[in-house]
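Q: This is the structure I have questions about; it appears just below.
The values are calculated or read from the model by the stated rules, or taken from the named source; none is laboratory data. Here the structure is a predicted model, which is why all the values come from computation and not from measurement. Cβ: placed from backbone, ideal geometry, glycine included. Neighbour counts: every protein chain shown.
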Amino acid sequence: MNIPNTMQACVLTGHGGLEKLVHHTDWPTPTPSDNEVLIKVAACGMNNTDVNTRSGWYSKAVSEATTGDAYQSVGEEDPTWGGAPISFPRIQGADVCGHVVAVGSNADSSLLGKRVITDNWLRNWEDPLNMESTGYFGSECNGGYAQYTTIDHRNVGVVENSTYTDAELATFSCSYTTAEGMLSRAKVTQNDTVLITGASGGVGSALIQLAKRRGATVVGLASEAKHDTLKALGADALLPRNPDNIHAALKQAIGSEYVSVLADIVGGDAFPTLLDTLERGGRYTCSGAIAGPIVEMDLRTFYLRDLTLTGSTVVPPSIFNDLITYIEQGEIKPVVAATYPLIEFHTAQQTFIDKKHSGNIVVTME
C-alpha cells in the first residue's frame, strides 16, 4: 500500500477553547516503531476525555462542571486525567477503528490488513496490571483524529464481525470498557438493581447494555425525550434526569425506593440525593463527574448503611478482550448519534458538548 508522507489531522495546540484545535492537511504521517502497528483510521469516536483534557478540567484548580469552555484557572501540573502535564502539539482521539497497513519489526505481522479497534490503555506490557505505569491513547501519545495513527500491536483487537460499520465500531472501546470496568468493580450480578446516571451518553448507554448482559435490573436517569432510545437498549425503567422525589419515582417504577448499585458518571449537586437511594450494603461506582466534581456527602449515609464506594478508571486488559468477544458475538449494540468528517471537527465536538444526543458522536476520515 502506498502510504503518503503527510496526512490530515486535527491537532490540539494547548489547553483552552475549541480554537486550540487546528485542522492540518500536511501533518507528518507517523512511522510505527518496532512494537507498533500503523493504522489507517476510518473512524474515531468522541469521548469526554477529549474535552476535559483540552479544557484542562481534570486540574484540581477547576471545580465547575465540564462545560467544554476554557477555564480561567488551570493548574499547570495536573491538567490531564493522570494528574500530569502533556506535551503539545497533540493529536487526540482514542476510539479508533481502521485497518492495519504497516507493522514494526517486532509487531505481529498477522495483523496486517486486519480491521481493528484500539485498547486505549497504554501499558507496561512486562507488568500489564500495574496501574501506576499507564497512559491513555490520544492523551499521553498521539491518537486517532487523523488519517493514520500508531499504537503498540498488543493494544489492538481484530474484529471479524462484518455486521458493524467502521463508525459503529468506533463507539465501543472507551465507553464500553469504562462501563464494564465500573460494573466489575461493583461486582454486579443478576441479583442487582443498577441505577445509572447520564444514561443517554456513551458510557451510560453502554452501562445499560452491559448491566443487562449480567442479568441485572436497570434503571436509567435521562431526559424524557431520550427514553424510547434507552428502552430499546434494554432499560427496565427510565426516570427523568432530575426527578422531584427520586424515592417515590423508584417506588413507582420498580416497587422499591432503593437500589443495590449506583453507577454514576454525573456527580454534581444531585450526588447526596442519589447516594441516599442505595440500600444497606449497596455499592457506588463512579467514572465521571460531568455535572461537577465537588459534592456534598453525609458520612452517616456512607457508614451507617455499610456502603462501598469505588472509583473506576484504569481497567485490566481482560476487559478489552471481553469487549471484543461481546462484539464478535453481537451481544452489544452501537449507538451512533451522528457522524462528522474530520474537517468539521469543531462542529462535532460542540455537538458532543451540547449533550442533546443519545449515544456517541463519531468523526470519520473518508
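Q: Return yes when Tyr176 is touching a helix residue (DSSP H, G or I) at 6+ places or on another chain (Cβ under 6 Å) and among the aromatic types (Phe, Trp, Tyr) and no when it is not.
A: yes
Q: Further question: Report whether or not Ser256 is of a type in the set (S, T, N, Q), over 18 Å from Gly198 (Cβ atoms) and surrounded by 20 or more Cβ atoms within 10 Å (Cβ to Cβ).
A: In short, no.
Q: Of the residues Thr217, Thr197, which single one is among the β-branched types (Val, Ile, Thr) and either surrounded by 22 or more Cβ atoms within 10 Å (Cβ to Cβ) or modelled with pLDDT under 95 (or both)?
A: The unique qualifying residue is Thr197.
Q: Select from region 212-231 the residues that are more than 18 Å from Thr178 (Cβ to Cβ) and either touching a residue at least 40 places away in the same chain (Cβ under 8 Å) or polar (S, T, N, Q) (or both) and list them in ascending order.
A: Restricting attention to region 212-231, the residues satisfying the condition of being more than 18 Å from Thr178 (Cβ to Cβ) are 215, 217, 219, 223-229, 231.
Scanning region 212-231 gives Thr217, Val219, Ser223, Lys226, Thr229.
Q: Might you check whether a residue that is modelled with pLDDT of 95 or more, of a type outside the set (A, V, I, L, M, F, W, C) and either assigned by TED's automatic domain parsing to the domain that holds His357 or exposed (fewer than 14 other Cβ atoms within 10 Å of the Cβ) (or both) occurs anywhere in region 63-70? Quick ask: steps written out before the conclusion?
A: Here is the first cut: in region 63-70, the ones modelled with pLDDT of 95 or more are none.
Scanning region 63-70, I find no residue that is modelled with pLDDT of 95 or more, of a type outside the set (A, V, I, L, M, F, W, C) and either assigned by TED's automatic domain parsing to the domain that holds His357 or exposed (fewer than 14 other Cβ atoms within 10 Å of the Cβ) (or both), so the answer is no.
Q: Here are Glu36, Glu76: which of them is out of contact with any Cys (no Cβ under 9 Å at 6 or more places or on another chain) and surrounded by fewer than 18 Cβ atoms within 10 Å (Cβ to Cβ)?
A: The unique qualifying residue is Glu76.
Q: How about region 142-166: which of its residues are within 19 Å of the chain's Cα centre (by Cα), part of a helix (DSSP H, G or I) and in contact (Cβ under 8 Å) with a residue 40 or more places away in the chain?
A: Matches in region 142-166: Asp166 only.
Q: Run down Tyr303, Tyr326 and say which single residue is out of contact with any Phe, Trp or Tyr (no Cβ under 7 Å at 6 or more places or on another chain) and either of a type in the set (A, V, I, L, M, F, W, C) or not assigned by TED's automatic domain parsing to the domain that holds Gly181 (or both).
A: Values: Tyr303 fails: either of a type in the set (A, V, I, L, M, F, W, C) or not assigned by TED's automatic domain parsing to the domain that holds Gly181 (or both).
Sole residue among the options that is out of contact with any Phe, Trp or Tyr (no Cβ under 7 Å at 6 or more places or on another chain) and either of a type in the set (A, V, I, L, M, F, W, C) or not assigned by TED's automatic domain parsing to the domain that holds Gly181 (or both): Tyr326.
Q: Looking at Thr49, Thr67, Thr134, Thr118, can you tell me which residue is more than 21 Å from Ala9 (Cβ to Cβ), in contact (Cβ under 8 Å) with a residue 60 or more places away in the chain and in contact with a strand residue (DSSP E or B) (Cβ under 8 Å, 6 or more places away or on another chain)?
A: Thr134
Q: Which of (1) assigned by TED's automatic domain parsing to the domain that holds Ile353; (2) out of contact with any strand residue (DSSP E or B) (no Cβ under 6 Å at 6 or more places or on another chain) does Gln209 not meet, given it meets every other one?
A: That leaves (1) as the condition not met.
One line per residue, one yes/no per condition, for (1) in contact with a Ser or Thr (Cβ under 9 Å, 6 or more places away or on another chain); (2) assigned by TED's automatic domain parsing to the domain that holds Gly83; (3) surrounded by fewer than 21 Cβ atoms within 10 Å (Cβ to Cβ); (4) of a type in the set (S, T, N, Q):
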{"position": "Asn130", "(1), (2), (3), (4)": "no, yes, yes, yes"}
{"position": "Tyr136", "(1), (2), (3), (4)": "yes, yes, no, no"}
{"position": "Tyr145", "(1), (2), (3), (4)": "no, yes, no, no"}
{"position": "Asp166", "(1), (2), (3), (4)": "yes, yes, no, no"}
{"position": "Gly204", "(1), (2), (3), (4)": "yes, no, no, no"}
{"position": "Leu230", "(1), (2), (3), (4)": "yes, no, no, no"}
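Q: Under 7 Å between Cβ atoms, at least 6 apart or on separate chains: pull out the pairs that start in region 95-115 with a residue that is surrounded by fewer than 16 Cβ atoms within 10 Å (Cβ to Cβ) and end on any residue that is part of a loop (DSSP other than H, G, I, E, B).
A: Within 7 Å, the pairs are Ser105/Asp34; Asn106/Asp34; Asn106/Asn35.
Q: Tally the residues that are exposed (fewer than 15 other Cβ atoms within 10 Å of the Cβ) and in contact (Cβ under 8 Å) with a residue 24 or more places away in the chain, restricting the search to region 270-305.
A: 9
Q: From the list Val194, Val188, Val203, which residue is in a loop (DSSP other than H, G, I, E, B), touching a residue at least 60 places away in the same chain (Cβ under 8 Å) and among the aliphatic types (A, V, I, L, M)?
A: Val188
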